[in-house]
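The values are calculated or read from the model by the stated rules, or taken from the named source; none is laboratory data. Being a predicted model, the structure only gives us computed values, none of them experimental. So basically every Cβ, Gly included, is an ideal-geometry build from the backbone, and we count neighbours across all protein chains shown. When the accessible area is computed, the model is the full protein with side chains, heavy atoms only, and any ligands, DNA or RNA have been set aside. Shrake-Rupley method; radii C 1.70, N 1.55, O 1.52, S 1.80 Å.
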Amino acid sequence: MEKKVLLVACLSVLFLSCGDKTSAPAPYGATPSKAQLQWHDVDFYGMICISTITYTDKEWGYGDEPAELFNPNQFNADEAVAIMKEAGMKGVLLVAKHHGGFCLWPTSTTEYSVKNSPWKDGKGDMVREYADAARKAGLKFGVYCSPWDRNDADYGKPEYLQHYREQLRELHTRYGDIFLSWYDGANGGDGYYGGAKETRKLDLENYYDWDHTFKTVREWQPLAAIFNGPGADIRWVGNERGFASDPCWATFDPAAEGSARWHLGTGQRNGRCWMPAECDVPIRPGWFYHESQNGQVKTPEQLFDLYFLSVGRGQALDIGLAPDRSGKLHLNDVKSLRGLGDLLRQTFTNNFAQTAVVTVNQTWGESKKFSGKHLTDNDKQTYWCPNDETAGGEITLEWKEPQKFNIVSLREYLPLGQRIDSISAEIFIKGQWQAFAKATSIGANRLLRHEPVEASKLRIHTYGPVAPALSEIGVYRESERTLAPVKPDKVRDPEQLAKTAWTLIPANSDKRAFDDDISTVWQATDGRELSIDLGDETAVSAVVYTPPVSDAGGLITHYRLYISNDPKQWGQAIASGEFSNIRNNPQPYTIRLEKPVKGRYIRLVAADTVDDAPPAVAEIEVLILK
């Protein structure tokens, strides 16, 4: 008996020693780091934007907003994170410090922080509360700390760099693991700067010494992906509308902004770096809360479409969320987020591929380690790969009964690089193959979306320079639904003044600034202002400036507004300020007046434009209260 047991044990050892030793395919091109791989796994997250400017109706703070304004007395991090999780988000990115310099944690570097606010008697730490809530809910946590600080008196000097790096150290060492370390590209300009109230221009290539700064961040958080900047892991997609180009390659050739920025949306096939894109977009027109935008929240359907145009093109979606002055997300935002989560769950819970018989044309080395069964095992760490001789692959899914679907998803095994140039998909209907979809660039997740079809077979062909390595395939169906619209709260909003009697000053026939067509653009040919005769004295409550979304140039960044009954005597400006972030987010901007001002003539002066070009206007609106 002992001899039989010994014999069985020896045979078992022999069997294990003779196991499958087929070597894996060699990586192709640039490949992701561990930090980038974990970022790809998150793929959908939200950016929380709250600061002192939440209480001043601004998008960017000048740095002179009192810390005493900040008092989100109904703030509940667990509640906010639970809503984000319901929406399908996998991560929380907190704007711990925006350009105005106010810090949401009790930093040692400045008095301009929560410790000098009335919130929780100056003893609060919003970074701590969001970090703890995220981990409790099973979401990843990330931080945004603006390099630009319009409050710090030392900004632009070597001393500020010491302050900034200490802020980064606090954020990256006090709050546990961080999945994303986020850096804005807005740097240098006018600000409060400790009372100096001046404009400070920087040598942006050298001032921050990003090589050293990022090296230190990686030492503190080796698995945190770094967004934006020299040597970063993640690139900006090039717009703030939430979509990637098609195709959008994860491989990229970084270069100076003037050249590389034109390829941010597409990347480059066979780029030398693995640098995928983040697609960021606010759920409202602006990133921070404005009561006037309560009725302008993106609908669940709009957000769902953006998911396909970002995550479905192999990148990540970052939706900006703006808590109100109480610290809570507005009900309209919550409704949209929950509606989005419902759509995602209804669509992606049932994967029809897992009930199909899967066949493939080849298997790498005839090894089970790379067989077609891995395409439906719900494990991104395993993959199917054919032999290299043909470089192409073929996958067929067959069901006993025809299945109704409209979405096919494909995931490449990213540690081996982005190996597939393109794919084509066909469906088998009534005894013949028909085209379903084609795509270029697969990457982390490619979602092919089509009108609903009913088919018994699905066939995928892959094309590329080397054998593909696919980890997952999915087949899904969007639910047939009728969504109730998100109804905004009833508020007394100003109404638009009719433009029928409007004329330019001096009078001419050019009406492109007020023709109710944002595709037409008025641009100054003489001077820096736009003056309009409204036709009659009007009590103006607000003026809305819509910038051109084309490449016309001349986007107004700083403005002065005048209203008068005499087109030759304008007097003092009744409003002045900044159209913050207009370069990246060319949305309509509303100049709201504290109380209505009567006048027949309005004059909008461009104190500055993005490119110093003559000011350009797609549309002007005048709002009145009735």
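In the assembled protein chains, residue 233 presents an accessible area of approximately 10 Å² (probe radius 1.4 Å). In summary, the range 347-388 shows an alpha-carbon radius of gyration equal to 1.24 times the 2.2 N^0.38 Å reference for compact globular proteins. Rounded to the nearest 10 degrees, the inclination of helix 2-17 to the longest alpha-carbon principal axis of the chain is 50 degrees. Modelled spin labels at residue 269 and residue 572, positioned 7 Å past Cα toward Cβ, are 6.3 nm from each other. When the alpha carbon coordinates of the range 99-195 are projected onto the principal axes, the ranges are 41, 31, 19 Å, largest first. Rounded to the nearest 0.05, the FRET efficiency derived from the C-beta distance between residue 56 and residue 389 at R0 = 51 Å is 0.20.
When the chain is described by a simple charge dipole with +1 on each Lys and Arg Cβ and -1 on each Asp and Glu Cβ, the residue from 312, 84, 453 located farthest towards its positive end is 453. The three principal axes of the C-alpha atoms in the range 571-611 carry coordinate ranges of 34, 18, 15 Å, sorted with the longest axis first. Charge dipole of the chain (Cα centre as origin; +1 on each Lys and Arg Cβ, -1 on each Asp and Glu Cβ, all else neutral): 1620 debye, rounded to the nearest 20.
Each label was represented as a point 7 Å from its Cα along the Cα-to-Cβ direction; for residue 291 and residue 434 these points are 5.5 nm apart.
Candidates 52, 63, 420 compared by Cα position along the dipole of the chain: farthest toward the positive end lies 420, with charges placed on Cβ.
Taking every DSSP bridge with both residues inside the chain, close to 75 percent are antiparallel. Each of 115, 136 has its accessible area taken with a 1.4 Å probe; listed largest first, they run 136, 115. Computed from the C-beta positions of residue 166 and residue 401 and an R0 of 60 Å, the FRET efficiency is 0.40 to the nearest 0.05. What is the helix-to-structure angle for 331-348, meaning the angle in degrees between its Cα long axis and the longest Cα principal axis of the chain, kept from 0 to 90 and rounded to the nearest 10? Taking Cα atoms only, the helix is inclined about 20 degrees. Each Lys and Arg adds +1 at its Cβ and each Asp and Glu adds -1 at its Cβ; summed about the Cα centre, the range 248-368 shows a dipole of about 140 debye.
Applying the criteria of a DSSP loop state and at most 11 other Cβ atoms within 10 Å to the GluC sites (Glu not before Pro) of the range 100-179 yields 111.
Anisotropy class assigned to the range 178-221 is prolate, per the alpha carbon gyration tensor with a/c at or over the 1.5 cut-off and a/b larger than b/c. The local environment of residue 561, defined by Cβ-Cβ distances under 12 Å, has a net charge of +2 under the rule Lys, Arg +1 and Asp, Glu -1. Per residue of the chain, the DSSP helices (runs of n ≥ 4 H) give a summed -39500 (n - 2.57) that works out to -5500 deg cm²/dmol at 222 nm. Sorting 396, 500 by accessible area puts them as 500, 396; the probe is 1.4 Å, largest comes first, and only protein heavy atoms count.
Compared with the dominant Cα axis of the chain, that is its longest principal axis, helix 210-220 is turned about 60°.
Derived from the Cα gyration tensor, the three semi-axes of the equivalent ellipsoid of the range 346-498 are 36, 19, 15 Å, largest first.
Residue-normalised convex hull volume from the C-alpha trace of the range 326-409: 148 Å³ per residue. In this simple spin-label model, placing a label point 7 Å from the Cα along the Cα-to-Cβ direction at both residue 173 and residue 495 gives a separation of 6.1 nm. Taking the protein heavy atoms of the chain in the context of the full set of protein chains, the accessible area attributed to carbon and sulfur is 50 percent at 1.4 Å.
Averaged over all directions, how much area does the convex hull of the C-alpha atoms of the range 188-267 cover when projected, in nm²?
7.4 nm²
Once the Cα-Cα distance is subtracted from the 0.36 nm per residue extended length, the residue 517 to residue 331 segment shows a gain of 63.8 nm.
Here the range 88-174 is treated with +1 on each Lys and Arg Cβ and -1 on each Asp and Glu Cβ, and its dipole about the Cα centre works out to around 440 debye.
Straight-line cross-link reach from residue 400 at under 18 Å between alpha-carbon atoms covers these aspartates and glutamates, not counting any fewer than eight positions away in the same chain: 426, 454. Note on the range 276-422: Kirkwood radius taken over Cα pairs, Stokes-Einstein applied at 20 °C and 1.002 mPa s, translational D equal to 116 µm² s⁻¹. Counted residue by residue at 0.36 nm each, then reduced by the alpha carbon distance between them, the extension gain from residue 338 to residue 533 reaches 65.6 nm. Can you work out the FRET efficiency for the pair residue 203 and residue 121, with r the C-beta to C-beta distance and R0 = 41 Å, to the nearest 0.05? Once rounded, the FRET efficiency stands at 0.50.
Taken per residue, the accessible surface of the range 76-195 reaches 32 Å², heavy atoms only and a 1.4 Å probe. Altogether, the Stokes-Einstein calculation at 20 °C and 1.002 mPa s, with the Kirkwood radius of the chain over Cα pairs as Rh, returns a diffusion coefficient of 79 µm²/s.
Thinking of the range 546-626 as a set of Cα atoms, what percent of all their pairs are more than 16 Å apart? Looking at the range 546-626, the distances longer than 16 Å represent 53 percent of pairs. Checking the cross-link pairs 34/157; 140/373; 34/369; 21/140 against a 28 Å limit on the alpha carbon distance flags 34/157; 140/373; 21/140 as lying beyond it.
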